[in-house]
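Only one structure is covered here, and it is reproduced in the block below.
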Amino acid sequence: MRGRKIMGDFVPYNKVWRTGWGKATTLVTEADLELGGMEIPRGVYTLYTLPSEAQWKLIINKQTGQWGTIYNPQQDLARINMEKQRLNTPVEKLTFVLERGANYSGVLRIEWETTSLSLPFSVSPVPIIASPRDSVRLILADKMISVNYGSPSVRGRRIMGGVVPYGKVWRTGANEATLFVTEADLVIGGTVVPRGTYSLYTLPSRTTWWLIVNKETGQSGLVYHRKLDLARVKMQKRILPTSIDRFSISLTKTGNTAGVLVIEWERTSVSVPFRIKDS
């Protein structure tokens, strides 16, 4: 600390922090890990944090070897909430601690000044395979509409209300943001979406899902800026008779200039109609 005020000053709130000094902080794991409900395949990563006065997030980023001030959000693999506690005795030097737990588990701790952050982790009981990209496209009136998305599988996890959190914007897939491209001006659920390229997110709840069409593209699916929303459209939800293992998005033609977008995973199916806007 060297007499400096750390939290909210040297470590700024609401900005991504290198979480150290000099070269980027590196995480190396020879085991597939589960951290805060997120899956981290064995490998080498960079650690950043996003501090705030009330809540900190640990950022696991796939870019490695860079200086600590270089941060590319498109390379984010996961952003995970950490538990924050206040220490009675200040810690002079920024400290990382890995504590061994039981049953192939442990706790990562980051401590500095009077702030202590912790995150439990465990070795995954099954191999973690990075979610593959998938894509679907549809031709309406000689215009192409397509969606490109990461397609994770269930792998014994609780999906709805777990991997897919209720009441929070979800990346709607895995890894990079889900990409939506339309060569035609569309009307989606009554909202006009001009031809162009967008990212798709969703806002799920137990009863209602909203499809979010966002103007930012090329980012990690964990990066979301509400101010760039073009539209939020209510989706129709139904329960499937059998569980679907792999997350999927489909585009189905329902007329010469109309179709439906369907998102399905586990036993949840949500859909929204769309059509080419009348000229």
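Laboratory data are not the source of any read-out in this text; all were calculated from the coordinates shown. Because the structure is predicted, anything quoted here is derived from the model rather than measured. Neighbour counts run over all protein chains shown; Cβ positions are idealised from the backbone, glycine included.
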Counting Lys +1, Arg +1, Asp -1, Glu -1, what net charge surrounds LEU98 among other residues with beta carbon under 14 Å of its beta carbon? -1
Quick shape check on region 212-279: root eigenvalues a ≥ b ≥ c of the Cα gyration tensor, a/c under 1.5 is rounded, otherwise prolate if a/b tops b/c, else oblate, and it reads oblate
Which entries of LYS23/LYS168; LYS215/LYS253; LYS62/LYS253 have Cα-Cα distances beyond 30 Å here? LYS23/LYS168; LYS62/LYS253
Using a 7 Å offset from the Cα along the Cα-to-Cβ direction at both LYS143 and VAL192, what is the distance between the two label points in nm, to one decimal? 1.2 nm
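List the relative contact order of the chain as a percent without decimals, with contacts defined as Cα pairs under 8 Å and 6+ residues apart.
Numbers: 678 pairs, mean separation 35.5, N = 279.
Relative contact order of the chain: 13 percent.
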Can you list, bin by bin at 10 Å, the percent of alpha carbon pairs in region 133-276, starting at 0? 12, 46, 35, 7, 0
Report the convex hull volume per residue for region 1-65, counting only C-alpha atoms, in Å³. 100 Å³
Of all chymotrypsin sites (Phe, Trp or Tyr not before Pro) in region 76-141, the ones in DSSP coil with at most 15 other Cβ atoms within 10 Å are TYR104
Ranked by GNM mean-square fluctuation in the chain (Cα springs under 10 Å), the top entry among LYS234, LYS23, LYS62 is LYS23
With the 8 Å Cα cutoff and a minimum separation of six or more residues, region 133-276 has a relative contact order in percent of 23 percent
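Calculate, in nm to one decimal, what SER135 and MET1 gain on full extension: separation in residues at 0.36 nm each, minus their alpha carbon distance. Each step should come with its number before you reach the end.
Working: separation 134, 0.36 × 134 = 48.24 nm, distance 4.98 nm.
Length gained between SER135 and MET1: 43.3 nm.
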Region 54-167 - percent relative contact order, Cα under 8 Å, separation 6 or more: 16 percent
Considering the zone a paramagnetic label at ILE70 would reach in this model (a point 7 Å from Cα along the Cα-to-Cβ line), which residues of region 208-252 have amide N under 17 Å from it? none
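Taking each pair of different alpha-carbon atoms in region 25-123 once, compute 1/r for the pair, average those values, and report the inverse of that mean as the Kirkwood hydrodynamic radius in Å to one decimal. Mind dumping the intermediate values first?
Details: mean 1/r = 0.0705 Å⁻¹.
About 14.2 Å for region 25-123.
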Taking Lys and Arg as +1 and Asp and Glu as -1, residues besides ARG155 with C-beta under 14 Å from its C-beta add up to -2
Rg to Rh, two decimals, where the chain supplies the alpha carbon set and Rh follows Kirkwood: 1.02
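Out of region 28-119, which GluC sites (Glu not before Pro) are coil in DSSP terms and have no more than 10 other C-beta atoms within 10 Å?
Working: sites: GLU30, GLU34, GLU39, GLU53, GLU83, GLU92, GLU99, GLU111, GLU113; in loops: GLU30, GLU53.
In loop regions of region 28-119 (DSSP not H, G, I, E or B), the sparsely surrounded GluC sites (Glu not before Pro) are GLU30, GLU53.
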May I ask for the net charge around ASN88, where only other residues with Cβ less than 14 Å from the Cβ of ASN88 are counted and Lys, Arg are +1 while Asp, Glu are -1? -1
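Under unit Cβ charges (Lys, Arg +1; Asp, Glu -1), what dipole magnitude, rounded to 20 debye, does region 102-258 have relative to its Cα centre?
Values: 20 positive and 10 negative charges, 101 e Å.
Dipole of region 102-258, to the nearest 20 debye: 480 debye.
Given Cβ point charges of +1 (Lys, Arg) and -1 (Asp, Glu) and nothing else, what value in debye, to the nearest 20, does the dipole of the chain about its Cα centre take? Provide the component values of the computation, followed by the final result.
On the way: 37 positive and 23 negative charges, 89 e Å.
The calculated dipole for the chain is roughly 420 debye.
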Subtracting the Cα-Cα distance from 0.36 nm times the residue separation, let me have the gained length for GLN85 to SER52 in nm, one decimal. 10.6 nm
Between ALA31 and ARG267, what's the calculated FRET efficiency when r is the beta-carbon distance and R0 is 30 Å? Round to 0.05. 0.45
Inter-label distance, nm, simple model (7 Å from Cα along the C-beta direction), VAL97/TYR13: 2.5 nm
